[in-house]
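See structure below.
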Amino acid sequence: INFAQALHIQGHAYKEHPIIYRHREDGQLHVKLKEWGVLPHYLKTEEEFIRKRPTYLNIRSERIFDPTSYWFKIRAKRCLMPVTGIYEHREVKGMKNKIPYYVGLKDQPVFFLPALFTKVTLPAPGTGEAIDRWTFGLITRDANSVMEQIHNGGDNAGRMPLFLPLQTANEWLTDISDERYKEILGIEMPSANLDFRTVFTVRGPKVARDGRPDQKHPDEFFDWGEKVPTVEYL
């Protein structure tokens with residue numbers, strides 16, 4: 001597994017990323033490259049799903065135990081995405097572009113985001129050869145007070161990934177009851193546990209090619225000026 005390719009992950013690119021899951025046959029933890037953006041198992045061709053795939057990047061925790069939801073069908077296929085932090089963008093009045101923030105955990109340089117995965121066998125473009133496609137979607141919940149201030153725009157404003165304490169992340173990959181499953185989905189990471197800062201733009205081909213103009217690491221603080229109001233621990 002080449003972990004270097006996961007230094008900056010963008011959901012809408014639908015690329016493969018290292019994902020941790022428990023193998024059904026040997027019961028051991030495995031790491032496998034899986035595409036971000038679930039392809040449902042009922043698909044016969046990927047083309048019929050292309051326009052819908054952006055809605056399958058993330059999974060609302062509130063829908064997992066809804067029997068009418070696709071997520072209910074794959075709720076037992078739990079996995080973890082290892083990260084050092086996430087990027088989120090904030091709308092600021094008077095500024096044309098959204099302001100990017102880097103958000104991590106104060107006491108964990110690496111932590112894990114819970115997800116669900118599936119495998120679908122589809123014909124490869126051009127050859128028609130049947131290939132297995134492993135895909136996953138991240139679980140989200142209502143934002144805590146800090147993330148609510150940062151993720152304040154767009155169709156999914158007021159949402160955040162489900163951040164889990166380390167012990168609970170380990171438990172996520174064990175055989176848990178439905179009752180415990182629902183308890184885990186209801187966990188809210190306290191705002192005081194988050195480490196966050198404004199960073200330089202992380203989107204676009206020019207940034208991907210040249211990096212930051214000040215040559216600093218993408219996760220380091222960048223001052224966007226006084227127009228950006230302070231995010232407060234409420």
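Taking the residues in region 77-88 that are open to solvent by 20 Å² or more (accessible area, probe 1.4 Å) and touching a helix residue (DSSP H, G or I) at 6+ places or on another chain (Cβ under 9 Å) as candidates, determine which candidate is farthest from residue 179 (Cα to Cα).
88
Kindly indicate whether residue 140 is in a strand (DSSP E or B), open to solvent by 10 Å² or more (accessible area, probe 1.4 Å) and touching a Leu at 6+ places or on another chain (Cβ under 7 Å). First the steps, then the outcome.
On the way: in a strand (DSSP E or B): yes; open to solvent by 10 Å² or more (accessible area, probe 1.4 Å): yes; touching a Leu at 6+ places or on another chain (Cβ under 7 Å): yes.
So residue 140 fits the description; yes.
Would you confirm whether or not region 21-37 contains a residue that is of a type in the set (Val, Ile, Thr) and surrounded by 19 or more Cβ atoms within 10 Å (Cβ to Cβ)?
No: region 21-37 contains no residue that is of a type in the set (Val, Ile, Thr) and surrounded by 19 or more Cβ atoms within 10 Å (Cβ to Cβ).
How many of the residues in region 45-75 are closer than 15 Å to residue 134 by Cα and of a type in the set (D, E, K, R)? So that I can check it myself, show each step before the final result.
Residues of region 45-75 that are closer than 15 Å to residue 134 by Cα, as a first pass: 45-46, 53, 56-57, 74.
From the residues that got through so far, the ones that are of a type in the set (D, E, K, R) too are 46, 53.
Qualifying residue count, region 45-75: 2.
Just to be sure, is residue 187 surrounded by 11 or more Cβ atoms within 10 Å (Cβ to Cβ), free of Cβ contacts under 8 Å to residues at least 24 places away in the same chain and touching a helix residue (DSSP H, G or I) at 6+ places or on another chain (Cβ under 9 Å)?
Values: surrounded by 11 or more Cβ atoms within 10 Å (Cβ to Cβ): yes; free of Cβ contacts under 8 Å to residues at least 24 places away in the same chain: no; touching a helix residue (DSSP H, G or I) at 6+ places or on another chain (Cβ under 9 Å): yes.
It is false that residue 187 is surrounded by 11 or more Cβ atoms within 10 Å (Cβ to Cβ), free of Cβ contacts under 8 Å to residues at least 24 places away in the same chain and touching a helix residue (DSSP H, G or I) at 6+ places or on another chain (Cβ under 9 Å).
The conditions are (1) open to solvent by 50 Å² or more (accessible area, probe 1.4 Å); (2) assigned to a loop (DSSP other than H, G, I, E, B); (3) at pLDDT 95 or above, and residue 155 fails exactly one of them. Which is it?
Unmet for residue 155, out of (1) open to solvent by 50 Å² or more (accessible area, probe 1.4 Å); (2) assigned to a loop (DSSP other than H, G, I, E, B); (3) at pLDDT 95 or above: (3).
Residues of region 158-182 being over 20 Å from the mean Cα position of the chain (by Cα) and either of a type in the set (Asp, Glu) or open to solvent by 40 Å² or more (accessible area, probe 1.4 Å) (or both), which ones? Give the steps one after another, and end with the answer.
Filtering region 158-182 down to residues over 20 Å from the mean Cα position of the chain (by Cα) leaves 174-180.
Residues satisfying the conditions are 174, 175, 177, 178, 179, 180.
Being of a type outside the set (D, E, K, R), in contact with a Lys or Arg (Cβ under 9 Å, 6 or more places away or on another chain) and in a strand (DSSP E or B) is the filter here, so list the residues in region 174-200 that pass it.
194, 198, listed by residue number.
Inside region 47-59, can you point out the residues that are farther than 10 Å from residue 137 by Cβ and open to solvent by 40 Å² or more (accessible area, probe 1.4 Å)?
Those that are farther than 10 Å from residue 137 by Cβ and open to solvent by 40 Å² or more (accessible area, probe 1.4 Å): 47, 48, 50, 51, 52, 54.
The values are calculated or read from the model by the stated rules, or taken from the named source; none is laboratory data. Note that this is a predicted model, so its numbers are computed, not measured. Reconstructed Cβ throughout: ideal geometry from the backbone, glycine too, with neighbour counts over all protein chains shown. Areas reflect the complete protein model, heavy atoms only, side chains present, ligands, DNA and RNA absent. Shrake-Rupley method; radii C 1.70, N 1.55, O 1.52, S 1.80 Å.
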